[in-house]
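S.K.: The structure under discussion is supplied below as structure tokens; questions concerning it will follow.
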Amino acid sequence: MNQITDYWYALLAFAGLTASTLLTRGSFSMLPASFKLPARIERALRYAPACALAAIITPEVLTKEGQIYLTWQNDKLWAVLIAAAVFYKTRNMVWMMLIGMSAFTLLRLYV
């Protein structure tokens, strides 16, 4: 491709991504105020952030170089289990992150 084609391709991609972002993220604010989502959908949407976070973290923790990595040497898995135990016991997100990341760092450095 030459520079002119690259420019138009990038411009088209930018415009398409902008439009899709506005339509998907802005659709709720563009709806009339009288429009109300069903209660079932509103309840389901509360779990969306946790599901997205799990979908991002799980492959990182459970795989190594594209292969499933479930061994006792998996530092990330131990750190997640420690962080989950801290959260279960304290229900404090800050302590969970602090102790989980500390555990991961110590495991990575010394094991």
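S.K.: Restricting region 20-36 to residues that are open to solvent by less than 90 Å² (accessible area, probe 1.4 Å) and part of a helix (DSSP H, G or I), which is modelled with the lowest pLDDT?
M.R.: 27
S.K.: Looking at region 100-111, I want the residues that are closer than 13 Å to residue 73 by Cα and have a partner that is open to solvent by 50 Å² or more (accessible area, probe 1.4 Å) and of a type in the set (Lys, Arg) with Cβ atoms under 7 Å, at least 6 apart or on another chain. Which pairs are those?
M.R.: As it stands, the answer is 104/76, since those pairs meet every condition given.
S.K.: Within the bounds of region 64-74, is there any residue that is in a helix (DSSP H, G or I) and not polar (S, T, N, Q)?
M.R.: Within region 64-74, not a single residue is in a helix (DSSP H, G or I) and not polar (S, T, N, Q).
S.K.: Residue under question is residue 11, and the condition is that it be open to solvent by less than 100 Å² (accessible area, probe 1.4 Å), modelled with pLDDT under 95, outside any helix (DSSP H, G or I) and of a type in the set (A, V, I, L, M, F, W, C); does it hold?
M.R.: no
S.K.: Within region 37-68, count every residue that is of a type in the set (Lys, Arg) and surrounded by 10 or more Cβ atoms within 10 Å (Cβ to Cβ).
M.R.: As a first pass, look at region 37-68 and keep what is of a type in the set (Lys, Arg): 40, 43, 46, 64.
Next, from what is left, pick out any that are surrounded by 10 or more Cβ atoms within 10 Å (Cβ to Cβ): 43, 64.
Total satisfying the criteria: 2.
S.K.: Scan region 71-92 and give yes if some residue there is open to solvent by 60 Å² or more (accessible area, probe 1.4 Å), of a type in the set (A, V, I, L, M) and at pLDDT below 95, otherwise no.
M.R.: no
The values are calculated or read from the model by the stated rules, or taken from the named source; none is laboratory data. Just so you know, these numbers come straight off a predicted model, no measurement behind them. Glycine gets a Cβ as well: all are built from the backbone with ideal geometry, and neighbour counts include every protein chain shown. Protein only, heavy atoms only, side chains kept; ligands, DNA and RNA dropped before computing areas. Shrake-Rupley method; radii C 1.70, N 1.55, O 1.52, S 1.80 Å.
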